[in-house]
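S.K.: Handing you this structure, nothing more for now.
The values are calculated or read from the model by the stated rules, or taken from the named source; none is laboratory data. Note that the structure is predicted; figures quoted are calculated from it, not measured. Neighbour counts run over all protein chains shown; Cβ positions are idealised from the backbone, glycine included.
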Ligand SMILES: Cc1cc2nc3c(=O)[nH]c(=O)nc-3n(C[C@H](O)[C@H](O)[C@H](O)COP(=O)(O)O)c2cc1C
């Protein structure tokens, strides 16, 4: 399976209702397509992990890349995996993941992972485990 994490710059006009309908659509599609993952949003940037069969993840990423609700998509991690990190979530969306808002902005501006992103990443990935972090 393929697992990809990207960051992007959100359209500034998006409101809570836009995010809610986007997440609902993503969850329905991903359940259909055998994809799982997680999404966080700090009001300016998205970070998303998408995992599943290689062709399915690539097709979904192509749709997401063309989506006008954000731009500047940069992959910060891409790996082949045997085990999913968000096996129980068609697309976990955590509006409570706000402690790292500035860390996410910094990562999106820098456009590459850096050692100082370690806590952000471990708390993000922790959302997929029982009792979730963040
Ligand atoms: C930040 C962001 C994350 C998204 N995540 C997903 C996703 O996980 N799965 C998905 O199918 N679509 C996702 N979308 C929506 C796609 O870009 C696209 O609109 C959708 O897949 C089209 O599906 P539809 O034909 O059912 O409308 C996302 C869009 C954005 C802006």
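S.K.: Take region 59-101 and flag every residue that is more than 14 Å from the ligand (Cβ to nearest atom) and free of Cβ contacts under 8 Å to residues at least 24 places away in the same chain.
M.R.: The answer is 83, and nothing else.
S.K.: I need a count of the residues in region 95-129 that are part of a loop (DSSP other than H, G, I, E, B) and in contact with a helix residue (DSSP H, G or I) (Cβ under 9 Å, 6 or more places away or on another chain).
M.R.: Filtering region 95-129 for residues part of a loop (DSSP other than H, G, I, E, B) gives 95-100, 111-114, 127-129.
So of that shortlist, the ones also in contact with a helix residue (DSSP H, G or I) (Cβ under 9 Å, 6 or more places away or on another chain) come out as 95, 97, 99-100, 113-114.
Number satisfying all stated conditions: 6.
S.K.: Condition (residue is in contact with a helix residue (DSSP H, G or I) (Cβ under 6 Å, 6 or more places away or on another chain), assigned to a strand (DSSP E or B) and crowded, with 16+ Cβ neighbours inside 10 Å) applied to region 59-77: is it met by at least one residue? Step through it out loud before you land on a result.
M.R.: Going residue by residue through region 59-77, those that are in contact with a helix residue (DSSP H, G or I) (Cβ under 6 Å, 6 or more places away or on another chain) are 73.
Add one more test, that the residue is assigned to a strand (DSSP E or B), and what stays is 73.
This time we only want the ones that are crowded, with 16+ Cβ neighbours inside 10 Å, so: 73.
Yes: one or more hits.
S.K.: Same structure, new question: Can you confirm whether residue 105 is over 16 Å from residue 38 (Cβ atoms) and touching a strand residue (DSSP E or B) at 6+ places or on another chain (Cβ under 7 Å)?
M.R.: On the way: over 16 Å from residue 38 (Cβ atoms): yes; touching a strand residue (DSSP E or B) at 6+ places or on another chain (Cβ under 7 Å): yes.
Spelling it out, residue 105 is indeed over 16 Å from residue 38 (Cβ atoms) and touching a strand residue (DSSP E or B) at 6+ places or on another chain (Cβ under 7 Å).
S.K.: Out of everything in region 5-39 that is near the ligand (Cβ under 8 Å from one of its atoms) and under 17 Å from residue 101 (Cβ atoms), what residue ends up being surrounded by the fewest Cβ atoms within 10 Å (Cβ to Cβ)?
M.R.: Only one residue fits best here, namely 10.
S.K.: Among the residues of region 2-27, count how many are in contact (Cβ under 8 Å) with a residue 40 or more places away in the chain and either over 16 Å from residue 95 (Cβ atoms) or within 10 Å of the chain's Cα centre (by Cα) (or both).
M.R.: The initial filter retains those residues of region 2-27 that are in contact (Cβ under 8 Å) with a residue 40 or more places away in the chain, namely 2-11, 14, 18-19, 22-23, 26-27.
Going one step further and asking which of them are either over 16 Å from residue 95 (Cβ atoms) or within 10 Å of the chain's Cα centre (by Cα) (or both), we end up with 2-9, 11.
Of the residues in region 2-27, 9 are in contact (Cβ under 8 Å) with a residue 40 or more places away in the chain and either over 16 Å from residue 95 (Cβ atoms) or within 10 Å of the chain's Cα centre (by Cα) (or both).
S.K.: Considering only region 101-116, state which residues are surrounded by 14 or more Cβ atoms within 10 Å (Cβ to Cβ) and either under 16 Å from residue 4 (Cα atoms) or under 15 Å from the mean Cα position of the chain (by Cα) (or both). Break it down stepwise before answering.
M.R.: The initial filter retains those residues of region 101-116 that are surrounded by 14 or more Cβ atoms within 10 Å (Cβ to Cβ), namely 101, 103-108, 110, 113.
Residues satisfying the conditions are 101, 103, 104, 105, 107, 108, 113.
S.K.: While we're looking at this one, here's another question. Given the condition part of a loop (DSSP other than H, G, I, E, B) and more than 21 Å from residue 109 (Cβ to Cβ), answer yes or no: does some residue in region 26-38 qualify?
M.R.: Within region 26-38, the subset part of a loop (DSSP other than H, G, I, E, B) is 34-35.
Next, from what is left, pick out any that are more than 21 Å from residue 109 (Cβ to Cβ): 34-35.
Looking for residues that are part of a loop (DSSP other than H, G, I, E, B) and more than 21 Å from residue 109 (Cβ to Cβ), one finds at least one in region 26-38, hence yes.
S.K.: Please go through region 40-58 and pick out each residue that is within 8 Å of the ligand (Cβ to nearest atom) and either surrounded by fewer than 20 Cβ atoms within 10 Å (Cβ to Cβ) or not in a strand (DSSP E or B) (or both). Can you show your working first?
M.R.: Initial filter on region 40-58 (within 8 Å of the ligand (Cβ to nearest atom)): 41, 46, 48, 50.
None; the set is empty.
S.K.: Please tell me if residue 52 is at pLDDT 95 or above, within 16 Å of residue 87 (Cβ to Cβ) and in contact with a strand residue (DSSP E or B) (Cβ under 7 Å, 6 or more places away or on another chain).
M.R.: Numbers: at pLDDT 95 or above: yes; within 16 Å of residue 87 (Cβ to Cβ): yes; in contact with a strand residue (DSSP E or B) (Cβ under 7 Å, 6 or more places away or on another chain): yes.
Yes.
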